[in-house]
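**Student:** The following block contains the structure, expressed as structure tokens.
Only the coordinates and a few stated rules stand behind these numbers; no lab work does. In this text, all values refer to a predicted model and were calculated from it rather than measured experimentally. With ideal geometry, Cβ positions are generated from the backbone for all residues, glycine too; neighbour counts draw on all protein chains shown.
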Amino acid sequence: MGEARKRGCMIRQFELVEKIKSYDPNANEEALNKAYVFAMKAHGSQVRASGDPYFSHPLEVAGILTDYKLDTATIITALLHDTVEDTNASLEDIKKLFGEETTRLVDGVTKLTRLELQSDHAKQAENFRKLLLAMSEDIRVLLVKLADRLHNMRTLHHINDKAKRHSIALETMDIYAPLAERIGMQEMKSELEDLAFSQLNAEARESILARLGFLREMGGSLVARIIAELQQTFENAGIKAEIIGREKTPYSIWRKMQHKEVGFEQLSDIMAFRVIVSSVEDCYHALGVVHSAYPVVPDRFKDYISTPKPNGYRSLHTGVFGPERQRIEIQIRTREMHEVAEIGVAAHWQYKQGYGQREGRQYRWLRELLEILEHASGPEEFLEHTKLEMFHDQVFCFTPKGEIINLPNGATPVDFAYAVHSEVGDKCVGAKINGRMMPLRTNLENGDQVEILTSKAQTPSPTWDRFVVTGKARARIRKYVRTKEREQYLELGKSILARAFKEEEYEYTEKSLKSVLKVFNVDSVDDLCANVGAGIQTGREVLEAVFPGIKKKKKGAAQKIISLAGVRSKKDKGKPSENAIPIKGLIPGMAVHYAGCCHPLPGDRIVGIVSTGKGVTIHTIDCAILEQYAEVPERWLDVSWEVGAELPEFHVARVHLTVLNEPGSLGSLSMIIAKNEGNISNLKITHRSLDFFDLLIDIEVRDVRHLTDIITALRAAPVINLVERAKG
Ligand code: MN
């Protein structure tokens, strides 16, 4: 095939069109000519490493695909395949001139080309092959890409840089040849392999070629005599058969030698004989004839007709000591099986176009494969090897170094980070996807390059658990949260117990707690403390268990706070009692929660309410909600800020405003907040009349003083009628 082109003559416009019309009389000649001219103009004076005009390359790629009798859209795509990446032409131009289908195909090929340029894939060949398959939503995209690679391999020797030649050849061997094989394109696969082999191991190839030449000379007309004798054998049995003697490629011989499968001693070691018959029945009949005429080589028989290879290959294989006592390999197949074996999936397009259809059942296998390709069904294992869509439940993303990370669909940068390394996951604070900062909950897509930003101060966040999809990320986050939660409960519990003991002027020791472990049905002092922190037991209960005599002797500290809350005097509000438990160091959302009703801020006088099993909720001491807890003093806890480094930098404050209903009033109020370094995190209009709005705004502030500054600034604005902190 394509002998003239292999010798380097550039195929001409009319030749290309003639060739297509020879197998597809209805081909769109006008579109083909338009694509030819468009690509030629777009590439202009660009040249290849060979010195040829660049345009010769897309033209050759198109030529390769005409050998597979592909449809007009595929041939046009081949002509245009490098225009978007390498010239000024845009996808919009192509859409205007050639329509949706071609544009989609060209876009697909361009995406594959960009992926190819992204990194060194040879190390992760299997993943990269899957990525290419996943991204080739239309099989024709992959066919163009393979033809592109084949032409680049045919012209590889023009590239001067040896290292570059080597890496292209390696990639071809590891990725493109197996891809061609997977979709059944045996011929393409063999040529790709052999071209790569001549680059990667030229000496081995030379010596194999020399040996082949020698054997051919020694053997003389041996091959012809074998074919003639086989022909006679079949004729005697009444089978019409065509016999083809085919020399194996140097690469396939070399690989067999490596696996020590053949000794490479005689000519028949490197010849395979193909017997083409007219029906499946004849295949088995021919097999029987061969097996009764010649001694069988053990373990060589394979029936790929009743059990086709995953890529759809069907044939009977056997080995015999045949004519002239030569050990030979024989493959028996029908014409249809033969075509499918040579060009695989490409035959589908011939079938679909109708121009390859000589008999009704001819492409039945392809029709079946296609149905499986298009509608998910059938045994898992078969799909595993044939169905392109099988990778649609996965996404493949790149690290900045070009390593491929394989994730389930719906995965986020947090999943990615954990897949790279547990430590990276734990410390991740942000992600750049394709160079842009994106939220950690973003769904990743095929081919995304993901850079994870980390901070030593970061720890896994309980909120991640809501959007991660990988088991590894989820397990790690949950484990961290559980461990941390217990630590937090433990720390809080110890503080509560120490205060409870101190109030009654007892010394708090771990030893004193050991005596009451059984009372509370726990195994260790730590378990008891953690239970107190979680609000399962109160400090007072533990104290009363340790010292049964002190029951209700004194008014508890909680009662003092309750009365304090009742007084609500400005003077007292600023001063936490000396016994207050500092909440410094406790992580919000675990043992400590900030109440959504009053939004306490550092600087506010605060009080804690213990909720059983959930730790402590912090309210401002004047929060209206607290009245609900007046009857349960044992749940009150005297707490204080003590702002430390581990408190979040920002706290959410809630403000109620009444604003004039006029253009720009919302704008000026957000300007005032921004100027005062506040960040609006939520805004809700609660009431709207002709002249006024009522609004609730959540503002992130540092502390009470910061909020007071903002409120003061808002009060000064003419459009704002009323501003107050919203509580309860
Ligand atoms: Mn190209």
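**Student:** Could you give the length gained by full extension between residue 517 and residue 662, i.e. 0.36 nm per residue of separation minus their alpha carbon distance, to one decimal place?
**Tutor:** 45.6 nm is the gain from fully extending residue 517 to residue 662.
**Student:** Given 0.36 nm per residue, what is the gain on full extension from residue 403 to residue 299 after removing their alpha carbon distance, in nm?
**Tutor:** Details: separation 104, 0.36 × 104 = 37.44 nm, distance 4.14 nm.
Roughly 33.3 nm would be gained on extension.
**Student:** Return the ratio Rg/(2.2 N^0.38 Å) for the range 215-348, where Rg is computed over Cα atoms only.
**Tutor:** On the way: Rg = 14.7 Å, N = 134, 2.2 N^0.38 = 14.1 Å.
With N residues counted in the range 215-348, Rg over 2.2 N^0.38 Å equals 1.04.
**Student:** While we're looking at this one, here's another question. Here are some pairs, 19/145; 34/95; 427/456; which of them have Cα atoms lying more than 18 Å apart in this structure?
**Tutor:** Values: 19/145 21 Å; 34/95 13 Å; 427/456 6 Å.
Result: 19/145 exceed 18 Å.
**Student:** Simple spin-label model, 7 Å along Cα-to-Cβ: residue 240 to residue 159 in nm?
**Tutor:** With each label placed 7 Å out from Cα toward Cβ, I get 4.9 nm.
**Student:** Follow-up question, since we're still on this one. Have a look at the DSSP beta bridges in the range 215-348 and tell me what percent are antiparallel, nearest 5.
**Tutor:** Working: 15 of 21 bridges.
In the range 215-348, DSSP labels about 70 percent of beta bridges as antiparallel.
**Student:** So for each of 100-109, 456-465 I average, over its residues, the number of other beta carbons within 10 Å; can you give me the resulting order with the highest mean first?
**Tutor:** Top to bottom by mean Cβ count within 10 Å: 100-109, 456-465.
**Student:** Also, quick follow-up: Ordered by packing density, taken as the mean number of other Cβ atoms within 10 Å over each peptide's residues, highest first, how do 542-548, 215-221 rank?
**Tutor:** By packing density, highest mean first, the sequence is 542-548, 215-221.
**Student:** Give me the net charge of residue 305's neighbourhood, meaning all other residues with Cβ under 10 Å from the Cβ of residue 305; Lys, Arg count +1, Asp, Glu -1.
**Tutor:** Working: positive: 302, 314, 333; negative: 303.
Once all neighbours under 10 Å are counted, the net charge is +2.
**Student:** Quickly work out the residue 457-to-residue 292 label distance, labels modelled 7 Å from Cα along the C-beta direction, and quote it in nm with one decimal.
**Tutor:** Here the modelled spin labels are 8.8 nm apart.
**Student:** As a quick test, which of the pairs 189/401; 432/484; 484/614 have an alpha carbon distance above 25 angstrom in this structure?
**Tutor:** Flagged as over cut-off: 189/401; 432/484.
**Student:** Something else now. What is the sum of charges, Lys and Arg at +1 and Asp and Glu at -1, for the other residues whose Cβ falls under 9 Å from the Cβ of residue 54? Kindly include the intermediate steps, with their values, before the conclusion.
**Tutor:** On the way: positive: 48; negative: 52, 82, 86.
Neighbour charge sum, excluding residue 54 itself: -2.
**Student:** Within 10 Å, count the other beta carbons around each residue, average over each peptide in 410-419, 191-200, 243-252, 698-707, and list them highest first.
**Tutor:** On the way: 410-419: 25.1, 191-200: 21.7, 243-252: 17.4, 698-707: 19.7.
By packing density, highest mean first, the sequence is 410-419, 191-200, 698-707, 243-252.
**Student:** Which FRET efficiency value, to the nearest 0.05, is calculated for residue 509 and residue 487 with the Förster distance at 25 angstrom and r the Cβ-Cβ distance?
**Tutor:** 0.75
**Student:** Rounded to the nearest 0.05, what FRET efficiency is calculated for residue 202 and residue 422 with R0 set to 51 Å and r the Cβ-Cβ distance? Walk me through the intermediate numbers first.
**Tutor:** Values: r = 45 Å, r/R0 = 0.88.
Calculated transfer efficiency: 0.70.
**Student:** To continue, here is another question. Would you mind calculating the gained length between residue 432 and residue 13 on full extension (0.36 nm times residue separation, minus the Cα-Cα distance), in nm to one decimal?
**Tutor:** Stretched fully, the residue 432-residue 13 segment lengthens by 146.2 nm.
**Student:** How far is it, in nm, from the label point at residue 474 to the one at residue 306 when both lie 7 Å from their Cα along the line to the Cβ?
**Tutor:** Modelled inter-label distance: 4.4 nm.
**Student:** At what distance in angstrom do the alpha carbon centres of the range 279-347 and the range 160-195 lie from each other?
**Tutor:** If we compute the Cα centre of each part, the gap is 27 Å.
**Student:** Among 61, 223, 429, 655, which comes first, then next, by fewest other beta-carbon atoms within 10 Å?
**Tutor:** Values: 61 25, 223 19, 429 14, 655 22.
Least crowded to most crowded, the residues run 429, 223, 655, 61.
**Student:** Calculate, for residue 687 and residue 628, the FRET efficiency according to 1/(1 + (r/R0)^6) with r their C-beta to C-beta distance and R0 45 Å; round to the nearest 0.05.
**Tutor:** 0.95
**Student:** Charges on Cβ only, +1 for Lys and Arg, -1 for Asp and Glu, centred on the Cα centroid of the range 423-498; of 469, 429, 488, which one is farthest towards the dipole's positive end?
**Tutor:** Of the options given, the answer is 488.
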